[in-house]
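Written below as structure tokens is the structure these notes are about.
No lab work stands behind these numbers, since they all come straight from the coordinates. Owing to the predicted nature of the structure, the values given are computational and were not obtained by experimental measurement. Cβ placement follows ideal geometry from the backbone for every residue including glycine, while neighbour counts extend to all protein chains displayed.
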Amino acid sequence: MMFLESSFFPFPSEVAMIPAGYLASKGEMNLSAAFLCGVGGSLAGAIFNYYLCYFFGRNLVEKYGKFIGITDEKFAKFEDFFNRHGEISTFNCRLIPGIRQYISLPAGLAKMNIFRFSIFTGLGAGIWVAILLALGYFIGENENLIKEKLHLITILLFIFIVLSSVIYLFFVKRSK
């Protein structure tokens with residue numbers, strides 16, 4: 001399921017990882033295995049998207065993107081964001097709902113180093129998967145509380161994204 005969520009199919013990761021956390025809290029699933037499968041699936045889906053654009057380029061997205069919700073305007077925004085913010089955008093966008101599955105496309109188009117892409121994507125996906133598992137593990141039975149906490153977590157993630165970007169840019173500019 002996380003492969004689908006991380007590729008261009010509109011499948012919410014909350015549907016897979018929160019119940020996995022809940023099942024782990026009841027002893028019916030291994031939390032470590034759920035985490036590894038979640039991150040592995042996310043990374044595999046992201047690499048799938050990456051290589052679609054790496055090998056087939058912009059023409060593929062322009063021709064078939066409309067069938068999966070990627071308009072020319074949306075793709076131009078993703079590409080512009082990636083070109084302005086570079087590698088850190090692959091990390092940051094893994095934490096933003098609705099964008100996480102598409103940031104791999106401009107990364108592939110730009111032919112970002114696959115090892116660095118995998119590291120940034122894996123780290124971002126790891127944080128998101130851990131958050132969803134924790135929600136399911138600690139408050140899995142209370143759906144209303146999960147919705148409330150997920151909203152708060154999304155706001156906190158945006159703050160984290162800004163801070164991590166500033167720190168990243170500071171060190172990158174300093175090293176150059």
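Here segment 101-176 yields Rg over Rh of 1.08, to two decimals, using C-alpha coordinates and the Kirkwood radius.
Using 28 Å as the Cα-Cα cut-off, could you pick out the over-long pairs in 63/111; 77/111; 26/149? Pairs exceeding the cut-off: none.
Over the chain, what portion of Cα pair distances is larger than 21 Å, expressed as a whole percent? The answer is 49 percent, as a whole percent. Largest mean-square fluctuation among 69, 126, 140, in a Gaussian network model of the chain whose springs join Cα atoms under 10 Å apart, belongs to 69.
Build a GNM of the chain with springs between Cα atoms under 10 Å apart, and of 100, 116, 84 the one that fluctuates most is 84.
A simple charge model with +1 on the Cβ of Lys and Arg, -1 on the Cβ of Asp and Glu and nothing else charged puts the dipole of segment 2-175 at about 540 debye relative to its Cα centre. Partner aspartates and glutamates whose Cα lies under 18 Å from the Cα of residue 66, excluding those fewer than 8 positions away in the same chain, are identified as 5, 79. Helix screen, the chain: DSSP H segments with Cα axial length of 20 Å or more and mean Kyte-Doolittle hydropathy at least -1.0 are 31-64, 114-139, 143-175. Going by neighbour counts of Cβ atoms within 10 Å, the residues 2, 17 line up, fewest first, as 2, 17. Of the residues 22, 50, 168, the one with the fewest other Cβ atoms within 10 Å heads the list, and the complete ranking is 168, 22, 50. Normalised by the number of residues in the chain, the mean separation of alpha-carbon contacts (under 8 Å, six or more apart) gives a relative contact order of 31 percent.
So if each residue of separation counts as 0.36 nm, and I subtract the Cα-Cα distance between residue 83 and residue 33, what length gain in nm does that give? Before the final figure, lay out each step's value.
Working: separation 50, 0.36 × 50 = 18.00 nm, distance 3.51 nm.
Here the answer is 14.5 nm.
Helices in the chain, meaning DSSP H runs of at least 4 residues, each add -39500 (n - 2.57). Divided by all residues, the mean residue ellipticity at 222 nm is -26000 deg cm²/dmol.
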